[in-house]
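Working notes, beginning with the structure itself.
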Amino acid sequence: MADDADVIVVGGGLAGLVAACEVADAGKRVIVVDQEGEQSLGGQAFWSFGGLFLVDSPEQRRLGIKDSYDLALQDWTGSAGFDREEDLWPRRWAEAYVAFAAGEKRGWLRAMGHRIFPVVGWAERGGYDAMGHGNSVPRFHVTWGTGPGIVEPFERRAREAQKSGRLTFKFRHRVDALTMTGGAVDGVSGAILEPDPVERGQSSSRKIAGDFTLRAQAVIVASGGIGGNHDLVRKNWPARLGQAPKSMISGVPEHVDGRMIGITEQAGARLINRDRMWHYVEGIRNWSPIWPRHGIRILPGPSSMWFDATGRRLPSPLFPGSDTLGQLHYIMGTGHDYSWFVLTQSIIKKEFALSGSEQNPDLTGKSWLMTARRATNKGAPAPVEAFKSKGADFIVRDDLESLVSAMNALTGDNLLKIDQIKAQIEARDREIENPYVKDTQVMNIHNARRYIGDRLIRTAKPHRILDPAHGPLIAVRLNILTRKTLGGFETDLDSRVFGGDGKIMPGLYAAGEAAGFGGGGMHGYRSLEGTFLGGCLFSGRNAGRAAAKAAG
Ligand SMILES: Cc1cc2nc3c(=O)[nH]c(=O)nc-3n(C[C@H](O)[C@H](O)[C@H](O)COP(=O)(O)OP(=O)(O)OC[C@H]3O[C@@H](n4cnc5c(N)ncnc54)[C@H](O)[C@@H]3O)c2cc1C
């Protein structure tokens, strides 16, 4: 039987698009199959904030940030905590990826028209020692145009290849099996789903209208992770984090269902580090949801006070923006699935950013005027103000007593005592006047303000939380929000997949989240942020180039 293409890519998200562009540009024929409709092309990346981990970039240098490959690798390995035999390939991928981020990543994207917002963000700041978790310097580069801005160059390249006949899209084609001949993967089969005109990101019909089989010399699995499938998240939940949360919200669309991971594993591929995941603890329920249980992650600045469900302040260094996994670990240990930020209007205005392209119309719409208002406006950006007034997790009050009583009413748990909360806030507030601070969160705020980017748009001037001049007071109930899958299919640096017997499976490649962003988990346990889109770019590129080369 003749092949339908040289290479088949499963998944039209960022990793799949990048891989397909590389195959087509190498002069080979490629088919991209995706279970969703054409309107959802780009997958999760379209919805993303477009944050990219870059090392020693011109944007960093302009802001006086000194970064290097060595420093970034030190931070990466300190965060990853590789400690398993199966971390061999993830570790190699980590080294190669940090070199990519310090080397050709920016120039490669720039040549395709990609641009970066000039103020570099500082995510995952850690707070342990120099070899521990966290970014020693700001490295989170936001794409000008956010998620759509990172998808655009690859969609453009793909559409050009489509016009010239080298690339074919097959939307509403759901892969149900990999086909194999003589031990080599040589195609896919599955169901054709009925057309469905839902909006991008909404759940689409799973009604079957037909079936299909496609053959090629190689198949690249770029089907994303498991974050939209809470049953799978719970099944893979690591014992070290305690019981899986009873209540979670979803930071990804429902198509991030993990189904293709099971299918690929069944064909013999080796899935490693499935217990490593990256879920956020600052999730808020979306008042205007697109997908089921839709939650948004707050990208917090350093000043909000963070309390657990019982009213205890989170211990140092678990401040907003410091250590996502450490915070998750702590919160799961409280026996409750939620925690609280308590802050002021001055803090929300400057420090709350919401992760997601639709939540940042200024950056997504590439409007300098709107973006400049972040620094000059009286209120927070409009999407944040909308959450403040309409979001189910937000409480706004003029005095602490009524704030705490509304917090108790929201959860119905009645765990918070006004005196306990008040004493902790007043103690912290006394440290604001003190130049020789002992409160590590306040020290952290002073440190953040030494960076011009934070001082300009991310860190409020230190003030007392109970100072009415900075009010009203705001409490935000924070939920656990599923997002990224850090483990995945074990791959070599050409993105070739290993089988359960430790040998490369001929014809099979994996990229993006399905491959743990490279190697089966290049992040180890923790991410430095902005590393997921980049992991899709790097692993998709490697997969596409290698598969095209192997196709002869
Ligand atoms: C709101 C949001 C904000 C984010 N912000 C950032 C950020 O700032 N920086 C960062 O680095 N990362 C960010 N991320 C993460 C990043 O966007 C994702 O990790 C990345 O885009 C995953 O890409 P992917 O191609 O691997 O998978 P996906 O985008 O999930 O694409 C997989 C595709 O495969 C298809 N598929 C699955 N199974 C099948 C099957 N059986 N048959 C056919 N098709 C199938 C799906 O329909 C989907 O289109 C964010 C994510 C979200 C949702």
Would it be correct to say that Thr440 is open to solvent by less than 10 Å² (accessible area, probe 1.4 Å) and at pLDDT 95 or above? no
Go through segment 427-534 and tell me which strands (runs of 3 or more DSSP E), entirely inside it, have 3 or more residues that are farther than 21 Å from Val7 by Cα. 473-485
Among the residues of segment 414-437, count how many are open to solvent by 50 Å² or more (accessible area, probe 1.4 Å) and either at pLDDT below 95 or not acidic (Asp, Glu) (or both). 10
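Every residue in segment 395-426 that is part of a helix (DSSP H, G or I), among the small types (Gly, Ala, Ser) and over 20 Å from His463 (Cβ atoms), please. Talk me through it step by step, then tell me what you get.
To start, the set of residues in segment 395-426 that are part of a helix (DSSP H, G or I) comprises 400-411, 418-426.
Filter again for among the small types (Gly, Ala, Ser), leaving 402, 405-406, 409, 423.
Of everything in segment 395-426, those that are part of a helix (DSSP H, G or I), among the small types (Gly, Ala, Ser) and over 20 Å from His463 (Cβ atoms) turn out to be Ser402, Ser405, Ala406, Ala409.
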Which pairs do you get when a residue that is farther than 30 Å from Glu254 by Cβ, found in segment 41-63, comes within reach of a residue that is more than 14 Å from the ligand (Cβ to nearest atom) and open to solvent by 30 Å² or more (accessible area, probe 1.4 Å), reach meaning Cβ atoms under 6 angstrom, with the pair 6+ apart or on two chains? Leu54/Arg106; Val55/Ala102; Asp56/Ser68; Asp56/Ala102; Ser57/Arg106; Glu59/Pro118; Leu63/Ile452
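Name the residue, out of Ser288, Ser304, that is more than 13 Å from the ligand (Cβ to nearest atom) and either aliphatic (A, V, I, L, M) or touching a Phe, Trp or Tyr at 6+ places or on another chain (Cβ under 8 Å) (or both). Can you show your working first?
Details: Ser288 fails: either aliphatic (A, V, I, L, M) or touching a Phe, Trp or Tyr at 6+ places or on another chain (Cβ under 8 Å) (or both).
Answer to the check: Ser304.
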Checking Ile220 against (1) under 30 Å from Ala2 (Cβ atoms); (2) open to solvent by 30 Å² or more (accessible area, probe 1.4 Å), only one condition comes out false. Which one? (2)
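Restricting to segment 535-552, what's the tally of residues that are assigned to a loop (DSSP other than H, G, I, E, B) and of a type in the set (A, V, I, L, M)? Show your work before the answer.
Taking segment 535-552 as the starting set, the residues that turn out to be assigned to a loop (DSSP other than H, G, I, E, B) are 551-552.
Next, from what is left, pick out any that are of a type in the set (A, V, I, L, M): 551.
Counting residues in segment 535-552 that are assigned to a loop (DSSP other than H, G, I, E, B) and of a type in the set (A, V, I, L, M) gives 1.
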Which pairs turn up if I take residues in segment 187-204 that are farther than 28 Å from Ala551 by Cβ and look for partners that are of a type outside the set (A, V, I, L, M, F, W, C) and more than 13 Å from the ligand (Cβ to nearest atom) with beta carbon separation below 6 Å, at least 6 apart in sequence or on another chain? Glu194/Ser205; Glu194/Lys207; Asp196/Ser205
Hey, among the residues in segment 170-190 that are surrounded by fewer than 18 Cβ atoms within 10 Å (Cβ to Cβ) and touching a helix residue (DSSP H, G or I) at 6+ places or on another chain (Cβ under 9 Å), which one's nearest to His255 (Cα to Cα)? Asp176
Can you name the helices (runs of 4 or more DSSP H) wholly within segment 24-114 that have at least 2 residues being under 30 Å from Val256 (Cα atoms) and within 15 Å of the ligand (Cβ to nearest atom)? 43-47, 69-80, 88-102, 104-110
Of the conditions (1) open to solvent by less than 30 Å² (accessible area, probe 1.4 Å); (2) touching a Lys or Arg at 6+ places or on another chain (Cβ under 8 Å), Phe154 clears all except one; give me its number. (2)
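The values are calculated or read from the model by the stated rules, or taken from the named source; none is laboratory data. Keep in mind that what you see is a predicted model, and the values were worked out from it rather than measured. Quick reminder, even Gly has a Cβ in these numbers, built from the backbone with ideal geometry, and neighbours come from all protein chains shown. Ligands, DNA and RNA are stripped out before the accessible areas are found, and what is left, the full protein with its side chains, is counted by its heavy atoms. Shrake-Rupley method; radii C 1.70, N 1.55, O 1.52, S 1.80 Å.
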